[in-house]
Structures are given as C-alpha cells and as structure tokens.
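Some notes on the structure that comes next.
The values are calculated or read from the model by the stated rules, or taken from the named source; none is laboratory data. If you're wondering where the values come from, they're calculated on a predicted model, not measured in any experiment. Cβ coordinates were reconstructed from backbone atoms using ideal geometry, including for glycine residues, and neighbour counts include every protein chain displayed.
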Amino acid sequence: MKTDVIIIGAGISGLTAASLLAKRKVNVLVIDKSYNPGGSCGTFKRNNITFDQGSSMLYGFGEKGFNPHRFVFNSLEEPIDIVKHEYLYNVNYMGHRIRFYGDIAMFADELSRVFPNEERAIHRFYHDMSILYQHVMVENPVFSSADEVDPKKSLKSLLRHPLSYAKFLSFLNMNAKTLLKRYFTDPEIFDFFDKLTSTYCYTTVEETPAILAAIMFVDNHIGGSYYPAGSTVFLPGKLEKVIEENGGTMMMEKEVIKLLFDDKKPCGVRLNDGEEIFAPLIIYSGTVWNLYGKLIDKQYVNEKRLLWAKNMVPTYPSVVMYAYVDKNVIPADTMPIEFLVGNPHQIDESEVTVYINSIDDSTLCDEDGHVVMAIGPTLEKWDFDDPNDYNDRKEREAKRLSEVLEKRFPGFTQAIRFYEIATPRTIERYTHKNGGAVAGPKQMISQHMFQRMHIRSEWDTLFCCGESTVMGTGTPTVTISGLSAANAVLKKLDLPIYEFHENLPNFVNLVDRPVKASTLNLNEPKEIRQLMKKAAKCQYCEKPMCMTYTDLDIRGIMRRVSVGNIIGAKRIIAEFSKNNPACQSQLLNSQDRCIQNTTLNQPVEIKIIFDTLRNNF
C-alpha cells in the first residue's frame, strides 16, 4: 500500500491532522485498533439509546474566543450542526448551585453570592484575566501549539500589548495558587478553584500552571459549550468523511504494534497481523508511554529519553457510569452538564461530573427518558486478573456512583432502566489510554508546555499530536495539536499551511435546543437525509450479527451513511463487490440477522440502503 503519511490513531487529534492533510490532497492512511473512529469522542448504543463514550462537553465552536473546532471545520469546508448550551455548566458546591454564565460579569456576581467577602477580588480577578485573554488569545488568533508558533507573528502580538504579554509569560513557571493569592485570602475560595482546575485538567491549583489556568478560567465563558446535534458520532464522523472524500484511507480494527526504522529514522509500521506498511512521514496520536514504551525499539532511543517518558505522571484513572433513567427523576432546572462536589477540601471519589445531553438533544433517547453519563476518579486498584473480583468491584462502583447521583437526583437509583460501568481497564481497552488516565499526562507545573512531547519528534519523519503533546486537555486542545501536526507536515512538503484569516466562510451551523429528529440534518438533500435516518438505526454492535457470514463492513457503512459520508460508504461497497459477486444475497441474509430484527422485528434496512447507494449516488 502506497501512502504519503501514516496517521497512527483515529482519535480527534489524529483525525484532525488526517482530514486537513487530505484536504490538501496529501495521500493519508489512518490506522486504529477500534472499529469506530473518535477515541474518547464517540458513541455506542444500547436498544436504540445513544450514549456518549467520553468527551461530550465540547468547547471551541464559538464565534468568539479560542475556537479551533470552528476554524478546522471552516478550513475543511465541512458543514456540522451544533447546539449551544444555555450555560457552560452548573457546579453543585457546598449547598450552592453555581451557574456558569457566558457573561463573565454575571458569573462574577454569581460567585460573589457564594463568597461575599471576596466580591471585589472576584470581579477584579475575572476583569484582569479577561483583558489578558482578549489581548493574548482573541485579537490575534493563532491556531498552533506553543512549539510551532511563528516567532514573527508572536512578535506582532507582543508589540501590540507588551504589558499583557509580559504578564502572561510571567505565569509560565508559576502555579495557579500563586496567581490566585494575588487576589484572594479566603481559604474556601481556593478550594473552589481547586474544583475548577480538577474539572478542566484533573489537577489542583498547586499543580496547575498559572499560564494554563489564566486561560481556562476565562475561555469557556467567552466561547461557550456545545454538543453536536445527533450525538458526538458526528464530530469524528465528519472528519472521517473529509478524509475519504479526498482520497484518504481509514484502516480500522488494525493495531500498530511497532514503528519500523530505516537509516535510524521511522519509515513505516508493523500491524498486529504482521503486515508492514511504509510511508515517508508518520504522525503518531497516542500516549507518550505507548510510543516510547511499546512502539519504538530501545536501540533507537537513548536511556535519558526513555526515563523521561516512563516518569511522566498520568492524570488519575477514571470510572464511568452510563445510565438510562426515567425522565421525571431529572428536575426541570437541571443543566446538561453538572459538576457534583462531595468533598470541597480534596479530590476524591465523591467528585463526579454528570452529562445529561438528552436535555438539549432529544434524538438520543425516547421522550420519557434521559441518558446520563457520570465520570469521576476511582481510587480502586484495577491491576488484577480475577474476573469475579473484577465484576464485584464494578458492581461496587455502580452502587457508589448511584449514591452520589442520588444526592443530586433523589430517586435516581430506582429510576435506572439500564446501566453499564466502564472501569480504567475498559477505558484503556477501547482508547489505549494507559491505566484509564483519560487526559494523558497531568498538566502540572513540572510537565506542561515544553516539558511534554513536541509536535516534531527527535526524528524528522515522525510527528506527534494528542494529549501527550504540549497542548492541554480536552477536544479543543487536541484539535490544535492535530492542526499543528498537519501544518508541520505541510511545511515539510512545501504545501500551503492552514492559517487564520478574516472572512473565512462559516460551516458551523448553530441549531435550536432541544434538537429533535424532525430538525436533524436539515441542510442535507432530502434523499440523503432519509438515508441517514435509516442508517442511524444501526446499533454499531461490537459483535454484529449482520456480519457473521460476510467480510463486508456493514457496521462501518451504516456509521458512515448516518453522518452523510456517502463516498466513504460507496467505496467500501465497491471494493467488496469486485471480489464478491454474491454480494446481494449476502445483504438479504445479513438484514435477517440484524439485532433489531431479533428484538423489535424491525431490522435496519440494509438492502434498501445498499441499493440506494449503488443506484442513486
């Protein structure tokens, strides 16, 4: 197989890099061990109920502020429907429900009601951080990781606001607590900010770099928080669509187990089935530990570098509860994202973030229910082999999380219709995140910014992106890392890079809350929209019965069609049909075996979808 660039990993950073390169007509190959792209940002289904796998509090789509998602989709010229939450989220803290308004002055008023003795300091702090944010981040948007920033452009910004830049750079080796001490004296408000930094990047104020905190405390208010209409399947799905429409290839359910070297430089990959694929350039979008601990032979790395990688401190492991509950147990004033603080004085297992995105997107479930995802730290040890012990611990975690949720939503336990628990081992199995550390290495003072992996590795044929690089946590920052990796490759290939400029056409469509099935994908042509609706009934089963007697990737075709990736779906059918003249009869048999046929006597209309793809597009 001939390709220009191999991308290892189909998480958001890898998909971003691959889609941007494909848009420039670079031949890309994306390889991932999962059957679905997206990594932590994706979905799974149970009985027609859609659950977000992980990332579902999305920033970076706004018209203002730090908006890399908007920039990427505008650069790709790929439309995406997004719903904007009314508020960022709600923090349930010491008997208070603190609403995070988009208007920072209103939020400062809200916080002042909780800490009245610090009212003036709160307003002064947010005022100062807002000015700094405006000068450094907004007036001259730079969608690049710190190690890839053009010095000439940075100099222009610095000369425009030298005092703000000097102050901002002074935060580089300072922790957030030192910054906060310049404004506040009440010990309890430091506990509150501890909870904010733990929500944003899984660190305390003593661990969090001030340069990161100064941006985080303001950015999300300015930009707002968002959710892809129809579920997070659309975010990776749209990126995959651009890749395949521009000739790129997605190789799913294949795991890269080794980087191949030639003349002491990475030149290809070896897969778990023994296949070897070569390319002039490689982008790696996994963790620092997997790169230096598994993929690269020790003969190619010095001991100091190996020790550095091994000693990177991870974020704490997480456990997730996915639940489907009676609608009436969720009060009408509940926000789609709520942070529950049990112990204000330290990070422990009582600290849980709850996502109920069905509040703003009714397409995720039936009208009489709500989809709940609750994620928090686990202090259990999960490195054992006894399956009975493992299942017992999962049940204990389910009970513990239910009790936490019960305090916020009385009657929650009795209202549960369905639940599943994802342990750190589950997270690692499906996302390759070591030990279930959902955000990679901690964004703490000793391993932030330039202390992490850089976009350019020590070899000029290998580039890196993702949460282990110099960026922070969450989808906007890994998107920036993917964009930076793509631009670094484009520079090497002497192709135009992606840069911000005024009047870039907008392809991010804001839709009204709540999203309904009747208003989903209205910008698509009627025939494609109907086809998307049919394909969206697929459950994307981990072990699809429809594929029992065929090698045709029916599940992958349905996933592509459900987000409007017609070209990608047709390509799979065409490649399979070349060597399988009996394809039509296989489809009929596959439809009969569909799990929906077994449970509801209403199978996904596989045959009709395939015939429509073949004949109408």
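Restricting ASP512, ASP592 to those that are in contact with a helix residue (DSSP H, G or I) (Cβ under 8 Å, 6 or more places away or on another chain) and farther than 19 Å from GLU78 by Cα reduces the list to ASP512. Which members of the range 474-533 meet the condition of being among the small types (Gly, Ala, Ser) and over 23 Å from the mean Cα position of the chain (by Cα)? Within the range 474-533, ALA517, SER518 qualify. Exactly one residue among LEU483, LEU531, LEU490, LEU552 is farther than 30 Å from ASP4 by Cα and either β-branched (Val, Ile, Thr) or crowded, with 17+ Cβ neighbours inside 10 Å (or both), and that residue is LEU531. Please go through the range 494-521 and give me each residue that is touching a strand residue (DSSP E or B) at 6+ places or on another chain (Cβ under 8 Å) and among the aliphatic types (A, V, I, L, M), ordered by number. Selection gives VAL508, LEU510, VAL511, VAL515, LEU520. Could you go through the range 144-153 and let me know if any residue there is among the polar types (S, T, N, Q), at pLDDT below 80 and under 21 Å from MET471 (Cβ atoms). Scanning the range 144-153 turns up no residue that is among the polar types (S, T, N, Q), at pLDDT below 80 and under 21 Å from MET471 (Cβ atoms). When SER518 is tested against the conditions (1) outside the structural domain of GLN53 (by TED's automatic domain parsing); (2) at pLDDT 95 or above, the lone failure is (2). Residue count for the range 406-433 under the criterion of being out of contact with any Asp or Glu (no Cβ under 6 Å at 6 or more places or on another chain) and assigned to a helix (DSSP H, G or I): the result is 12. For the range 259-275, indicate whether the set of residues that are under 23 Å from the mean Cα position of the chain (by Cα) and not in a loop (DSSP other than H, G, I, E, B) is non-empty. There is no residue in the range 259-275 that is under 23 Å from the mean Cα position of the chain (by Cα) and not in a loop (DSSP other than H, G, I, E, B). Filtering the range 509-540 to residues that are outside any loop (DSSP other than H, G, I, E, B), within 13 Å of GLU605 (Cα to Cα) and among the charged types (D, E, K, R) leaves LYS533, LYS534. Flag set for ARG456, criterion: at pLDDT 90 or above, surrounded by fewer than 21 Cβ atoms within 10 Å (Cβ to Cβ) and in the same structural domain as PHE61 (by TED's automatic domain parsing).
Rundown of residues vs (1) at negative phi; (2) at pLDDT 95 or above, yes/no style:
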residue: VAL218; (1), (2): yes, no
residue: HIS221; (1), (2): yes, no
residue: SER225; (1), (2): yes, no
residue: GLY237; (1), (2): yes, yes
residue: ILE243; (1), (2): yes, yes
residue: GLY247; (1), (2): no, yes
residue: MET251; (1), (2): yes, yes
residue: GLU255; (1), (2): yes, yes
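Among residues of the range 600-617 that are in the same structural domain as ASP553 (by TED's automatic domain parsing) and of a type in the set (S, T, N, Q), those with a Cβ under 8 angstrom from a residue that is assigned to a helix (DSSP H, G or I) and at pLDDT below 90, sequence gap 6+ or separate chain, pair up as GLN602/GLN596. From the residues in the range 591-617 that are more than 32 Å from the chain's Cα centre (by Cα) and closer than 12 Å to ILE554 by Cβ, which one is surrounded by the fewest Cβ atoms within 10 Å (Cβ to Cβ)? Selected residue: LYS607.
Residue by residue, here is whether (1) outside the structural domain of TYR284 (by TED's automatic domain parsing); (2) touching a residue at least 40 places away in the same chain (Cβ under 8 Å); (3) outside any loop (DSSP other than H, G, I, E, B); (4) in contact with a Gly (Cβ under 9 Å, 6 or more places away or on another chain) holds:
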position: GLN443; (1), (2), (3), (4): no, yes, no, yes
position: PHE463; (1), (2), (3), (4): no, yes, yes, no
position: GLU467; (1), (2), (3), (4): no, yes, no, yes
position: MET471; (1), (2), (3), (4): no, yes, no, no
position: VAL478; (1), (2), (3), (4): no, yes, yes, yes
position: SER481; (1), (2), (3), (4): no, yes, yes, yes
position: SER484; (1), (2), (3), (4): no, yes, yes, no
position: PRO505; (1), (2), (3), (4): yes, yes, no, no
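Checked against the criterion of being in a helix (DSSP H, G or I), buried (at least 20 other Cβ atoms within 10 Å of the Cβ) and at negative phi, the candidates ALA574, ALA569 yield just one match: ALA569.
Restricting the search to the range 226-254, which residues are more than 17 Å from LYS33 (Cα to Cα) and assigned to a strand (DSSP E or B)? Result: TYR226, TYR227, PRO228. Residues that are surrounded by 23 or more Cβ atoms within 10 Å (Cβ to Cβ) and among the aliphatic types (A, V, I, L, M) occur at least once in the range 26-44. Count of the range 320-355 residues, restricted to those that are polar (S, T, N, Q) and within 22 Å of SER40 (Cα to Cα), is 1. The criterion of at least 2 residues that are free of Cβ contacts under 8 Å to residues at least 24 places away in the same chain and within 29 Å of ALA374 (Cβ to Cβ) is met by the following helices (runs of 4 or more DSSP H) wholly inside the range 73-183: 104-114. Taken over the range 433-451, residues that are surrounded by fewer than 20 Cβ atoms within 10 Å (Cβ to Cβ) and of a type outside the set (A, V, I, L, M, F, W, C) amount to 4.
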